[in-house]
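Scroll down for the structure; my scribbles are underneath it.
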Amino acid sequence: MSYRETVILMGPGSAEAAAIDRLADQMIRLEVRIDGAFEAPAHTHRGGQIFWPEAGNAVIGTAEGRWCVPTGCALWMPPGLMHDASSEGGLHMQGIQVPPEAAAGLPAECRILPFSPLLRELALRAATWPQARPLDDRQRRLVAVMLDEMAAAPTTPLLLPMPRDRRARRLAAALLATPGSRRTLAEWARLAAASPRTLERRFGAETGLSVAAWQRRARLLAALDLLGRGHSVTAVALELGYDSPSAFTAMFRRTLRTTPARYRDAR
C-alpha cells in the first residue's frame, strides 16, 4: 500500500478571490495505491474529502449504510464523519482533502457524485499544481467552480442503508454475503428468527426500502464490483441470480442509465 499527500496552499489573493480565501488555508491532494483486498477500521478525517477510484471499487461504511464508489464516480465525505473502508480487489484512488472551512457550503452527508467530465477535469487539473505553493487567481477560480460542481451534482442510488433492528441487520448481513441468493423472504425470515411481516416492517421503517428492493440494490453494488474487475456481463448476471443477462442489463440500464457492458469497458 502506498499513500501520498500533497499540500495545495490557498494563499492571499485579489478581491475577486476573497470568498475562497476566507473558506480555506489549504487543500491536500491524496493518492492511495493498494494491491489486493484490504479493510480499514473506522476512523475520521478533520477535513472533508472528495475521492475517485482510478481503478477498482471502494466500499465506505458509515452509520447510515454502505456506499459503493465505483470507477466513474466520486464520493464526497463531510469532515469528521466516522467511516470504515474496504476493497475486494485492490484500489488506485486519488482525491482532495478539503479543509472544514471550505466544506461549509457542501452537503452535510455523504454523497456519491457522477464524476462529470467538468468535475473530473477540474480535479485532475488541481492534482497537477505544484506542492505547497499559494494558488494564483486563476487557480482559485477553478477551485471555486469545483466546489460549486460538487455542491450541485445529482446523487446516485449507490447507498445501501443499514437497518438498526438486530433481526433486520442479521438479514442484511446475509444478503450482503450472498447477494445472488434465490431464497424466499419466508426462508430468510427463519434464518433471521423473525416473521416476514416483521422484517418487511423494519426494513421499510429503517431503510426506506422493502426487503426485495434492498436486495436488488445489494445486487447492484455487487455487480459494480464484479464488472469493475473485468467479469463478463453473463457471468455477473448468473452469479447474482438474474434469470438472464438481458434481465440484468435492463435493471442496470434502468438504474444507472448505461449498460453493464459500457460500464465495464469504460473502466
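List the pairs whose first member sits in the stretch 58-79 and is over 21 Å from residue 252 (Cα atoms), whose second member is basic (Lys, Arg) and crowded, with 21+ Cβ neighbours inside 10 Å, and whose Cβ atoms are under 6 Å apart, counting only residues at least 6 apart or on separate chains?
Once the first residue is over 21 Å from residue 252 (Cα atoms) and sits in the stretch 58-79, its partners that are basic (Lys, Arg) and crowded, with 21+ Cβ neighbours inside 10 Å give 76/111.
Would you pick out the residues in the stretch 127-155 that are at pLDDT 75 or above and either assigned to a loop (DSSP other than H, G, I, E, B) or within 17 Å of residue 93 (Cα to Cα) (or both)?
Matches in the stretch 127-155: 136 only.
Which residue is nearest to residue 158 (Cα to Cα), if the candidates are limited to the stretch 239-264 and must be β-branched (Val, Ile, Thr) and surrounded by fewer than 16 Cβ atoms within 10 Å (Cβ to Cβ)?
Of everything passing the filter in the stretch 239-264, 255 is nearest to residue 158 (Cα to Cα).
Considering each of 80, 90 in turn, give the residue that is surrounded by 16 or more Cβ atoms within 10 Å (Cβ to Cβ) and outside the structural domain of residue 221 (by TED's automatic domain parsing).
Of 80, 90, the one residue that is surrounded by 16 or more Cβ atoms within 10 Å (Cβ to Cβ) and outside the structural domain of residue 221 (by TED's automatic domain parsing) is 90.
Among the residues of the stretch 202-211, is there at least one that is farther than 21 Å from residue 60 by Cα, of a type in the set (A, V, I, L, M) and modelled with pLDDT of 90 or more?
yes
When the stretch 96-123 is examined, which residues are found to be of a type in the set (Val, Ile, Thr) and more than 22 Å from residue 158 (Cα to Cα)?
Across the stretch 96-123, the qualifying residue is only 98.
So residue 112 fits all but one of (1) under 19 Å from residue 221 (Cα atoms); (2) of a type in the set (Val, Ile, Thr); (3) surrounded by fewer than 15 Cβ atoms within 10 Å (Cβ to Cβ); what number is the exception?
It fails just one condition, (3).
Being without any contact (Cβ under 8 Å) to a residue 60 or more places away in the chain, surrounded by 21 or more Cβ atoms within 10 Å (Cβ to Cβ), farther than 24 Å from residue 87 by Cβ and assigned by TED's automatic domain parsing to the domain that holds residue 176 narrows it down to one residue among 211, 236; which is it?
211
Each row is one residue, and each column tells you yes or no for (1) under 14 Å from residue 163 (Cα atoms); (2) of a type in the set (Phe, Trp, Tyr).
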{"site": "203", "(1), (2)": "yes, yes"}
{"site": "208", "(1), (2)": "yes, no"}
{"site": "223", "(1), (2)": "no, no"}
{"site": "228", "(1), (2)": "no, no"}
{"site": "234", "(1), (2)": "no, no"}
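Looking for whichever is at pLDDT 80 or above and out of contact with any strand residue (DSSP E or B) (no Cβ under 8 Å at 6 or more places or on another chain) here; the options are 108, 74, 104, 85. Which one fits?
Just a single option satisfies the conditions, and that option is 108.
Just checking, how many residues over the stretch 241-267 are within 19 Å of residue 56 (Cβ to Cβ) and in contact (Cβ under 8 Å) with a residue 40 or more places away in the chain?
4
Take the stretch 115-129 and flag every residue that is touching a residue at least 60 places away in the same chain (Cβ under 8 Å), out of contact with any Gly (no Cβ under 7 Å at 6 or more places or on another chain) and surrounded by 16 or more Cβ atoms within 10 Å (Cβ to Cβ).
123, 126, 129
The values are calculated or read from the model by the stated rules, or taken from the named source; none is laboratory data. Since we're looking at a predicted model, the values are computed, not measured. A quick note on method: Cβ atoms are made from the backbone with ideal geometry, for glycine too, and the neighbour counts reach across all protein chains shown.
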